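Beneath this line is the structure, given in structure tokens, with notes to follow.
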Amino acid sequence: LVLMSKHILQIQPLATPYKIIAADINKSGAVSAVDMVELRKLILFIDTEFQNNTSWRFVDAEFVFPNANNPWETSFPEVFSVNGLDDDELGNFVATKIGDLNGSASPNSIIGSGEDRAYGELTFAVEDTEMVAGETYTVDFRAKDFTGILGYQYTFAFDNSAVEFVDIQAEDLTNLDDSNFGMSMLNEGIITASWNNSDAVSLDNDAVLFSMTFVAKSKALLSDVVSLNSRYTKAEGYNNND
């Protein structure tokens, strides 16, 4: 999403026609904000497959794009045809994973590339609270060393037997709204999140990024019933060095 946004705004155009094809999530023959919306739905598990596209596209490896900046200027071959087969034939393709703009997809693995890009941590500061059954609690997620951040994503988990989720409120973080959260798995105690901005964002320590409201069902310590993990949407943060 970060790289797609940079391409759309011409801050950092995608370098190859294959990456541009990969950014065309809805298979419209162009890259636009609509593609960002569709990709974010998949990242958030609102959708579990592309609505108008296949997971991969295959381009004949011998094809030369007349305009590398616009791969749809002419149609490109996605099939290798053989007529009257009477000897060995070999067709080569460039496999393009839709949505993969940094080349991290692993075609022979169902769990992704396993790449490790850890250069530090992006931390949300939350004050622990001893909760009492029946009471309503608003939990502030505050900035801590939130400097030059282009985006983040994660899976938020909460114990449904201990707390009831009520609402999320956007606060000081630029460009954050309901579309940045996936609520399709609330019955499992799961909220997915994905946020990005075209310009890197820096916030003062203790600035409130967003807030979540819960009603306690029983006496419990907040830190025992909520967590941030990678169960569905992988927990990652991206700074201005991508």
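Worth pointing out:
- Annotation: amide H-H contacts under 5 Å for K217 (H modelled 1.01 Å from N, sequence separation of 5 or more, or interchain): G134, V163, E164.
- For segment 48-157, the fraction of alpha-carbon pairs in successive 10 Å shells from zero, as %: 9, 24, 23, 20, 12, 7, 4, 1
- Cα-based reach from K19 at 20 Å (exclusive), listing lysines while leaving out same-chain residues under 8 positions away: K6, K27, K41, K97
- Qualifying lysines (Cα of each under 24 Å from Cα of K144; at least 8 residues distant if same chain): K234
- When only alpha carbons of the chain are considered, Rg and Dmax amount to 21.6, 78 Å.
- Distance from segment 65-93 to segment 174-220 (C-alpha centre basis), Å: 45 Å
- 3J(HN,Hα) along segment 12-25: 8, x, 5, 7, 10, x, 5, 5, 5, 4, 5, 7, 7, 4 Hz, from the Karplus curve 6.51 cos²θ - 1.76 cosθ + 1.60 with θ = phi - 60°, whole Hz, x for Gly and Pro.
- Counting protein heavy atoms only, the chain has 47 percent of its accessible area on carbon and sulfur, 1.4 angstrom probe.
- Taken along its principal axes, the alpha carbon cloud of segment 1-109 reaches lengths of 49, 30, 23 Å, longest axis first.
- Our helix-only sum for the chain, with -39,500 (n - 2.57) per DSSP H run of n ≥ 4 divided by its residues, gives a mean residue ellipticity at 222 nm of -3000 deg cm²/dmol.
- Length-normalised contact order of segment 127-242 in % [C-alpha pairs under 8 Å, at least 6 apart]: 50 percent
- Angle of helix 33-43 to the longest C-alpha principal axis of the chain, folded into 0 to 90 degrees and rounded to 10: 70°.
- Length-normalised contact order of the chain in % [C-alpha pairs under 8 Å, at least 6 apart]: 23 percent
- 3J(HN,Hα) along segment 145-158: 6, 8, 10, x, 9, 9, x, 7, 7, 5, 10, 9, 10, 9 Hz, from the Karplus curve 6.51 cos²θ - 1.76 cosθ + 1.60 with θ = phi - 60°, whole Hz, x for Gly and Pro.
- Rounded if a/c under 1.5, otherwise prolate or oblate - segment 131-227, Cα gyration tensor axes: prolate
- The H on the amide N of F93, modeled in the peptide plane, is under 5 Å from the matching H of A61, each at least 5 residues off or on a different chain.
- About the centre of its Cα atoms, the chain shows a dipole size close to 120 debye [charges on the beta carbon of Lys, Arg (+1) and Asp, Glu (-1) only; nearest 20 debye].
- Excluding ligands, DNA and RNA, the accessible surface per residue across the chain is 56 Å² with a 1.4 Å probe.
The values are calculated or read from the model by the stated rules, or taken from the named source; none is laboratory data. No experiment lies behind these values; they were computed from the predicted model shown. Neighbour counts run over all protein chains shown; Cβ positions are idealised from the backbone, glycine included. Please note that ligands, DNA and RNA were not included when accessible areas were found on the heavy atoms of the full protein model with its side chains. Shrake-Rupley method; radii C 1.70, N 1.55, O 1.52, S 1.80 Å.
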